[in-house]
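These notes concern the structure reproduced below.
No value in this document is a laboratory result; all are computed from the given coordinates. Just so you know, these numbers come straight off a predicted model, no measurement behind them. Cβ coordinates were reconstructed from backbone atoms using ideal geometry, including for glycine residues, and neighbour counts include every protein chain displayed.
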Amino acid sequence: MTAAPQLVNAEETQQAVPSSRLRKLQGLGILCGFSAGAWLGAAEAPTKLVRIGVSPIVVSLLMVVGVFLARWSVPALFRSMGQVRTDIQQAPHLIVWGVLGGCLWAVANTLTIFAIRDVGLSIAFPLWNMNSLIGIFWGFVLFNELRQAGRLRWLSVIGGTLLMLLGAALLAFASSTQAPVEHVVRGTLAALAAGMLWGTMYIPYRKAYLTGMNPLSFIVFFTIGELGMMTILAFSYRGPSALLHELIKAKDVLFWLAFGGFVWVIGDLFQQYAAKYIGISRGIPLSNTNQLWGLMWGVLVFGELHGMSRSVYGQVIGGSVLMLAGAGAIALSSVTREEHGRWHQAAQREGQRYSVDSDYVRAGLAGENFSEARDRQSMRSWFDWILVLLATAVFVCLAVVARVPAITLNWAAMAALSATMFAFLAVCGVALWKVTRFS
């Protein structure tokens, strides 16, 4: 058994991870947070299909199917399952935490579908993005985030939190004029409950990355909990025969729902890298810029709030801007050397608790590969290519029977937003490869 690692102070951390390296990782984490916002915002666009009669359970189930396919094929394509196996051997306890996080995500995602149906995408988005407040709380209590961060950074966090609360209250008030009266409370509560669950879901994230786990490995068994919990919810809520009937009835749009899940995985990967390199107390609020992207998709592409009064537009836009400013104040309070030393102590504590190799933990914190053996395992095997081909085949089959939904779209706005998303993908993907080789 590996010897129990010892806690280290900030001076020892400075020797292990040079300041120049930490600055690069922090800049990379901020870029990943912005990229996550763009892709997570777009991923919720297919959920608008609940407005044309598709059951929220079917929407959520097919999104989870797309998530499942992406969470296995993307790591196989970019990293190989051999490296995933090595990570699991180093920290097998994270399988349980990953499955638990996946279960929380599945329930939260289903709640967001109901919230979008009842109060709309541009309203629901900022409400469930209160998850950042829960993430800040858990990051401080459990993982030493914001410890020894300095008074100015604490003021940024507190001020940002107040701005986010004010923005959420403004948006909740605006929802009462945008949605039918009998659905406002139900939709608002669903969005807030989703935010609570997603905020708690970041505990497994942080445990994984402090221990040294690679995000591309963690998401593989994370998705087992997602698909398992979503299947249970679907069968419990609708029953097997009714669920099959609804799937057949909605066959024309199943591709778009599954594709939305695939897009969500890209955003979630960026979010997880942000959580790894700048912490959940900063990375999650920064990725919650998806609320602004959700607002743009809802208003510009789908025509939400069309015909509403200027005061409603002012409330929605003003609330989103306030929440965005609050998230930015929190996220851009840079990590000090002293605070990073406390992160390192939390990481060593996790390693000691689960008997994880201390060199593996240190490599993960520095965004480096654990050993040359892992580089040799990066060669793709026949199993990796089978996973990629199977995922591709499923999407092709769904696309063959797909039809463009009978819903009004602004195609020019959708093209502009999509082009911006792919620009983020290219820039952030290249940066991740250059700085960390996707570690």
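The angle between the Cα long axis of helix 81-90 and the main principal axis of the chain comes to about 60°, on a 0 to 90 degree scale. Helix 94-119 versus the longest principal axis of the chain: what angle, 0 to 90°, nearest 10, using Cα atoms? On a 0 to 90 degree scale, this one is about 20. When the alpha carbon gyration tensor of region 268-379 is reduced to an equivalent ellipsoid, its three semi-axes come out at 41, 18, 9 angstrom, largest first. Using C-alpha pairs below 8 Å separated by at least 6 residues, the relative contact order for region 231-352 is 23 percent.
Kirkwood hydrodynamic radius of region 62-127, from the reciprocal of the average inverse Cα-Cα distance over all distinct pairs: 14.1 Å. Take each peptide in 149-159, 211-221, count the other Cβ atoms within 10 Å of every residue, and average; sorted highest first, the result is 211-221, 149-159. Measuring how big region 201-346 is from its alpha-carbon positions, Rg and Dmax come out at 19.7, 58 Å. Basic side chains Lys and Arg get +1 at the Cβ, acidic Asp and Glu get -1 at the Cβ, and with that the dipole of the chain about its Cα centre reaches some 240 debye. Distance between the modelled labels on Ala423 and Leu166, one decimal in nanometres: 3.1 nm (7 Å Cα→Cβ projection). For the residues Ala38, Ala208, Ala391, a GNM of the chain with alpha-carbon springs under 10 Å puts the largest fluctuation on Ala391. Volume per residue for region 277-325 equals 64 cubic angstrom (convex hull of Cα atoms).
Pairs of Cα atoms in region 118-169 fall into 5 Å distance bins, from 0 up to the last occupied one, in shares of 4, 18, 23, 22, 15, 9, 5, 2, 0 percent. Between Phe383 and Leu332, the FRET efficiency estimated from the beta carbon spacing at R0 = 35 angstrom works out to 0.25.
Across the chain, the relative contact order, built from alpha-carbon pairs under 8 Å that are at least six residues apart, equals 37 percent.
Selection among Gly303, Gly319, Tyr354 by position relative to the dipole of region 298-358 gives Gly319 as farthest towards the positive end (Cβ unit charges, Cα centre). Sorting the segments 71-79, 239-247, 126-134 by their residues' average number of neighbouring beta-carbon atoms within 10 angstrom, most packed first, yields 126-134, 71-79, 239-247. Only one of the values (i) 62, 52, 43; (ii) 105, 52, 40; (iii) 61, 53, 38 was calculated from this structure for Cα extents along the principal axes in Å; name its label. Only one option fits the structure, namely (iii).
For region 23-161, just say rounded, prolate or oblate: build the C-alpha gyration tensor, square-root its eigenvalues into a ≥ b ≥ c, call rounded for a/c under 1.5, and beyond that prolate if a/b exceeds b/c, oblate if not. Taking the square roots of the gyration eigenvalues as a ≥ b ≥ c, region 23-161 is oblate. For Thr211, the shell of other residues with beta-carbons less than 13 Å away shows a net charge of +2, using +1 for Lys and Arg and -1 for Asp and Glu. Using only the Cα atoms of region 296-439, build the gyration tensor, take square roots of its eigenvalues as a ≥ b ≥ c, and label the shape rounded, prolate or oblate: rounded if a/c is under 1.5, else prolate if a/b is larger than b/c, else oblate. Oblate is the answer for region 296-439, as a/c is 1.5 or above yet b/c matches or exceeds a/b. Springs between Cα atoms under 10 Å define the GNM used for the chain, and in it the highest mean-square fluctuation of Val119, Val54, Val335 occurs at Val54. Build a GNM of the chain with springs between Cα atoms under 10 Å apart, and of Arg117, Arg282, Arg380 the one that fluctuates most is Arg380. As I understand it, the value is the acute angle between the Cα axis of helix 56-78 and the longest principal axis of the Cα atoms of the chain; what does it come to in degrees, rounded to 10? Orientation of helix 56-78: about 30 degrees from the principal axis.
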